[in-house]
1. Just one of the numbered conditions (1) more than 19 Å from residue 29 (Cβ to Cβ); (2) over 17 Å from the mean Cα position of the chain (by Cα); (3) part of a helix (DSSP H, G or I) is not true of residue 93; which one?
2. Can you tell me how many residues in segment 174-184 are under 13 Å from residue 17 (Cβ atoms) and part of a loop (DSSP other than H, G, I, E, B)?
3. Answer yes or no as to whether residue 16 is open to solvent by 40 Å² or more (accessible area, probe 1.4 Å) and either outside any strand (DSSP E or B) or over 25 Å from residue 143 (Cα atoms) (or both).
4. I want to confirm something. Restricting to segment 96-108 and keeping residues that are part of a helix (DSSP H, G or I) and in contact with a strand residue (DSSP E or B) (Cβ under 9 Å, 6 or more places away or on another chain), which single residue is nearest to residue 171 (Cα to Cα)?
5. State yes or no: is residue 32 in contact (Cβ under 8 Å) with a residue 24 or more places away in the chain, part of a strand (DSSP E or B) and aliphatic (A, V, I, L, M)?
6. Any residue in segment 159-169 that is within 28 Å of residue 112 (Cβ to Cβ), of a type in the set (A, V, I, L, M, F, W, C), surrounded by fewer than 16 Cβ atoms within 10 Å (Cβ to Cβ) and within 21 Å of the chain's Cα centre (by Cα)?
7. Would you check if residue 174 is open to solvent by 70 Å² or more (accessible area, probe 1.4 Å) and either modelled with pLDDT of 95 or more or touching a Gly at 6+ places or on another chain (Cβ under 9 Å) (or both)?
8. Filter segment 51-74 for residues that are under 21 Å from residue 184 (Cα atoms) and over 16 Å from the mean Cα position of the chain (by Cα) and give the result.
Amino acid sequence: MIGIYGGTFDPVHYGHLRAALEVREDLELRELRFLPCHQPPHRPPPVADPQTRLRMLEIALADADGGFVLDTRELDRGGPSYMVDTLSSIRKETGEEPLCLILGLDAFLALPAWHRWRRLFSLAHIVVLQRPDYDIEYAEDLKHCVEERQVTDPTQLAAQPDGMIYFLEVTQLAIASTSIRRMLREGRSAKYLLPDAVLELIHRESLYAK
């Protein structure tokens with residue numbers, strides 16, 4: 001199986017990296033692809049430019065083993081990054097190998113606002129990074145999808161290419177890119193929240209300083 005982990009990564013931090021590691025290990029993924037977004041359709045544009053965010057990811061993954069890879073197709077494509085288009089292009093390359101789209105809980109709950117969101121289930125499984133002891137309230141359409149598609153055994157994901165929803169509890173690190181950018185803008189230290197080499201790049205190029 002292949003995991004697809006998208007985001008702006010503005011900047012990438014240990015919350016991203018730890019969650020990705022746990023998903024890869026728990027689901028026994030052949031590889032997990034970090035997929036930096038060019039322009040999220042439903043959010044303000046990233047602060048750092050695409051190439052800088054890519055460089056930060058390259059630095060963060062430099063000492064990772066072969067299980068983490070970078071997929072730059074959304075940056076290469078430009079414009080708004082619609083996940084349905086991205087997964088369609090990946091599916092053409094991977095054939096019938098199971099794909100797992102990895103989403104945080106907040107992103108999953110907002111799924112009905114995504115472009116052609118129902119089509120995602122014919123392209124990949126959806127793995128939701130769940131918070132322990134969190135009371136989830138679904139929109140009605142999404143609630144029906146969960147009732148129809150949720151599985152509790154992760155081995156079921158490997159049995160077919162797409163279509164299922166699996167909730168996975170991961171270590172919750174209360175780290176957010178928004179908070180890191182605010183700290184840096186205020187002149188506070190962001191050490192221990194993200195890899196030192198990424199932080200060095202941020203300081204060297206005065207990213208997020210204003």
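The values are calculated or read from the model by the stated rules, or taken from the named source; none is laboratory data. Bear in mind that the values here come from a model prediction, so they are computed numbers and not experimental data. Backbone-built Cβ (ideal geometry, glycine too); neighbour counts: all protein chains shown. The protein model used for the area step is the full one, side chains on, heavy atoms only, and it has no ligands, DNA or RNA in it. Shrake-Rupley method; radii C 1.70, N 1.55, O 1.52, S 1.80 Å.
1. Exception for residue 93: condition (1).
2. 1
3. no
4. Our first condition is that a residue be part of a helix (DSSP H, G or I); within segment 96-108, this holds for 105-108.
Subset that is in contact with a strand residue (DSSP E or B) (Cβ under 9 Å, 6 or more places away or on another chain): 105, 107-108.
Numbers: 105: 13, 107: 17, 108: 18 Å.
So the residue we want is 105.
5. yes
6. There is no residue in segment 159-169 that is within 28 Å of residue 112 (Cβ to Cβ), of a type in the set (A, V, I, L, M, F, W, C), surrounded by fewer than 16 Cβ atoms within 10 Å (Cβ to Cβ) and within 21 Å of the chain's Cα centre (by Cα).
7. yes
8. Within segment 51-74, 51, 52, 55, 59 qualify.
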